[in-house]
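Taking it in order: structure first as structure tokens, then the write-up.
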Amino acid sequence: MSKQEQLKKETAEKAVEQVKSGMILGLGTGSTTSYAVKKIGELWQAGQLTDIIGIPTSERTAKLAGQYGIPLASLNDHPNIDLTIDGADEVDPQLNLVKGLGGALLREKIIATASRKFIAIVDESKLVDRLGTLAPLPVEVTQFAVQAHRYWLEQLPCRPVLRSTNDVPYVTDNGNYIIDCHFLNGIEDATKLSMRLHHHPGILDHGLFLNIASEVVVAGQSGIRSLMR
């Protein structure tokens with residue numbers, strides 16, 4: 001296991017220490033969060049966690065949780081979540097996040113905002129002074145008129161790139177496309193940009209998670225630390 005993977009594992013398992021029996025849990029998506037799901041699954045199988053229910057943020061996470069026998073349900077069944085653990089692609093000093101490189105940003109945001117507590121887990125390479133400097137901003141859009149969405153996003157201004165593999169567009173679990181928006185010098189005003197994106201027809205959601213994270217658990221060379229809102 002590489003050093004970075006070890007850091008991901010450590011931060012995920014640190015966050016899982018806050019999981020208690022009887023909780024409704026939001027289960028995030030991504031390489032870091034997979035370690036948290038696996039740890040929860042191991043505790044469940046060992047009988048150290050009981051009466052938990054997981055609400056997965058993606059079909060991929062549901063499959064992983066199912067491998068451990070974690071009981072799963074939908075947000076319709078349990079609209080109030082006790083705790084969600086998920087990764088992040090960037091974290092700024094105010095604990096605002098960019099998420100969505102794993103392709104599940106819409107469900108992730110819905111579940112995060114339905115949670116009493118949302119913990120983001122990252123390694124220290126994800127800490128930035130300004131959002132949008134290391135990672136692009138994912139924007140989930142309808143397949144209808146995708147070229148028009150790209151043209152509008154260019155005016156932000158940013159360089160919008162339709163996420164695809166071998167010229168085949170990536171399709172989210174919701175049946176939509178993702179356009180990754182690359183900003184030359186980062187996002188100057190994340191709040192203003194968030195509002196502008198939310199008001200444009202055809203944009204379902206975006207990867208700016210503003211004032212949502214309660215805590216960010218960070219693993220680094222000097223150990224694990226928690227940043228609190």
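The values are calculated or read from the model by the stated rules, or taken from the named source; none is laboratory data. The structure presented is a predicted model; accordingly, all values stated were derived computationally and were not measured. Positions of Cβ are backbone-derived with ideal geometry, glycine not excepted, and every protein chain shown enters the neighbour counts.
Structure notes:
- When the residues of region 1-51 are filtered to those that are among the polar types (S, T, N, Q) and outside any helix (DSSP H, G or I), the one that is surrounded by the fewest Cβ atoms within 10 Å (Cβ to Cβ) is 2.
- Restricting 63, 9, 39 to residues that are free of Cβ contacts under 8 Å to residues at least 40 places away in the same chain, in the same structural domain as residue 113 (by TED's automatic domain parsing), more than 14 Å from the chain's Cα centre (by Cα) and closer than 25 Å to residue 174 by Cα narrows the list to 63.
- Among the residues making up region 139-159, those that are aliphatic (A, V, I, L, M) and touching a residue at least 60 places away in the same chain (Cβ under 8 Å) are 139, 141.
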